[in-house]
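The values are calculated or read from the model by the stated rules, or taken from the named source; none is laboratory data. Source: prediction; values computed, not measured. So basically every Cβ, Gly included, is an ideal-geometry build from the backbone, and we count neighbours across all protein chains shown. The protein model used for the area step is the full one, side chains on, heavy atoms only, and it has no ligands, DNA or RNA in it. Shrake-Rupley method; radii C 1.70, N 1.55, O 1.52, S 1.80 Å.
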Amino acid sequence: MFIWPAHLFKPKIVNARPVSQTISGGASLSGVEDVIATDGGGRWIIEFSGINLTTPAQQRAWSAWAGYLDGGATECLVPILSLPTGPRPFAWDKAVRVSKLVTDNDVFPTSAAYSVSHMSASIGANAALRATSLQINLTSQGEIVGGEKFSIGDYAYRIVRETSAGIFSIRPPLREAVTAGAAVNFDWPVVRCRMQPAQDFESPINFGRFSESSITFIESVPVGVS
């Protein structure tokens with residue numbers, strides 16, 4: 001599956017978060033209100049804005065992706081761009097510098113990764129579909145403290161907190177079962193998405209030279225999961 005080339009479009013603002021659907025059960029006579037989640041843990045919404053298309057190459061790529069996404073009918077993998085909040089190792093009180101991002105294609109990549117992984121991690125024990133707790137083994141230097149975002153395969157999650165040594169509460173619940181040894185991607189996490197429908201994705205060119213654009217993606221949750 002193609003990965004949306006955030007490295008090429010370079011958005012200035014990224015807002016990636018799971019959004020849940022809840023309903024109120026009403027307030028009791030004592031004033032206590034019950035709130036119930038109705039969506040199985042919510043789904044990711046990823047908003048990119050402040051995208052300046054200043055080169056013909058960027059403008060062509062944007063137009064090509066407008067055609068490929070087909071108004072939201074086509075899925076792709078979308079990077080969350082959460083490297084700064086990941087469990088990066090530190091040297092001299094500063095997070096280590098990242099290596100070069102390597103892709104197999106500039107416009108329609110199917111792989112994207114740093115030449116040197118900064119946050120190597122794997123699943124420590126099998127976990128079932130819809131699990132909200134994971135054993136994660138961080139094999140590089142660094143520390144998971146809560147709030148980090150990561151992906152396993154095509155789906156993304158975030159750490160809530162460490163509940164016991166090496167065991168972490170996560171949200172949203174697992175989209176699919178995972179097995180011990182599966183790779184955990186903190187470096188360049190991605191999530192399977194569709195473009196939000198009814199967007200004016202086409203970008204007008206200002207003065208024949210540049211344009212500023214934005215786009216919103218919504219997670220494609222597997223059928224029966226949410």
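Candidates in region 153-167 are the residues that are over 14 Å from residue 17 (Cα atoms) and either among the acidic types (Asp, Glu) or surrounded by 22 or more Cβ atoms within 10 Å (Cβ to Cβ) (or both); of these, the one that is nearest to the chain's Cα centre (by Cα) is 154.
Selection of region 132-164 for residues being more than 19 Å from residue 190 (Cα to Cα) and of a type in the set (Gly, Ala, Ser) yields 133, 140, 142, 164.
Within region 85-97, the set of residues being under 11 Å from residue 118 (Cβ atoms), open to solvent by less than 90 Å² (accessible area, probe 1.4 Å) and either aromatic (Phe, Trp, Tyr) or free of Cβ contacts under 8 Å to residues at least 40 places away in the same chain (or both) comprises 95, 96. Scanning region 186-196 for residues being closer than 14 Å to residue 16 by Cβ and open to solvent by 10 Å² or more (accessible area, probe 1.4 Å) gives a total of 4. Among residues of region 49-84 being small (Gly, Ala, Ser) and assigned to a strand (DSSP E or B), the one that is least open to solvent (accessible area, probe 1.4 Å) is 50.
Rundown of residues vs (1) part of a loop (DSSP other than H, G, I, E, B); (2) charged (D, E, K, R); (3) open to solvent by less than 70 Å² (accessible area, probe 1.4 Å); (4) in contact with a helix residue (DSSP H, G or I) (Cβ under 8 Å, 6 or more places away or on another chain), yes/no style:
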site	(1), (2), (3), (4)
130	yes, yes, no, no
142	yes, no, yes, no
147	yes, no, yes, yes
151	no, no, yes, no
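Considering only residues that are in contact (Cβ under 8 Å) with a residue 60 or more places away in the chain and surrounded by fewer than 13 Cβ atoms within 10 Å (Cβ to Cβ), look in region 100-128 and name the one that is nearest to residue 5 (Cα to Cα). Step by step, filter region 100-128, then rank; the result is 106. Pairing each residue of region 179-196 that is under 19 Å from residue 43 (Cβ atoms) with any residue that is among the basic types (Lys, Arg), provided the two are 6+ apart or on different chains, yields C-beta distances under 8 Å for 189/149. Considering the conditions (1) open to solvent by less than 50 Å² (accessible area, probe 1.4 Å); (2) part of a strand (DSSP E or B); (3) at pLDDT below 95, residue 46 is excluded by exactly one of them, (3).
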